[in-house]
């Protein structure tokens, strides 16, 4: 699959390209909720949700008190910006 340039807003990517991108980055799609993905890194875990108007990330138990940290990224951001922000960790 050919991806649009990395500086292209995510809303200009077809859904199969976004799913391939997440898969290539090590995310696993939830078989029951196809818009949800999990990523596990040595120092953090997160759930990524492809919502209607944004990509929502929930870093699990990443807060100083063990709480979840949620971040929302609009699809108007480029793929490279979202990748840097999300996969850089909480």
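For the stretch 58-80, a residue qualifies if it is under 19 Å from residue 12 (Cα atoms) and out of contact with any helix residue (DSSP H, G or I) (no Cβ under 9 Å at 6 or more places or on another chain), and the qualifying residues are 72, 80.
Contact map, the stretch 28-42: first residue touching a residue at least 24 places away in the same chain (Cβ under 8 Å) and at negative phi, second residue surrounded by 15 or more Cβ atoms within 10 Å (Cβ to Cβ) and not in a loop (DSSP other than H, G, I, E, B), Cβ cut-off under 6 Å, separation 6 or more or different chains; pairs are 39/46.
Residues checked against (1) within 13 Å of the chain's Cα centre (by Cα); (2) within 15 Å of residue 71 (Cα to Cα); (3) exposed (fewer than 13 other Cβ atoms within 10 Å of the Cβ):
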| residue | (1), (2), (3) |
| --- | --- |
| 2 | no, no, yes |
| 5 | no, no, yes |
| 10 | yes, no, no |
| 14 | no, no, yes |
| 49 | yes, yes, no |
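Could you list, in sequence order, the residues of the stretch 50-76 that are part of a loop (DSSP other than H, G, I, E, B), touching a residue at least 24 places away in the same chain (Cβ under 8 Å) and within 23 Å of residue 33 (Cβ to Cβ)? Within the stretch 50-76, 62, 75 qualify.
We did not get these values from a lab; they are worked out from the coordinates using the rules stated. Treat the numbers as computed from the prediction; the structure is a model and nothing was measured. Here Cβ is always computed from backbone atoms with ideal geometry, including for glycine, and neighbour counts include all displayed protein chains.
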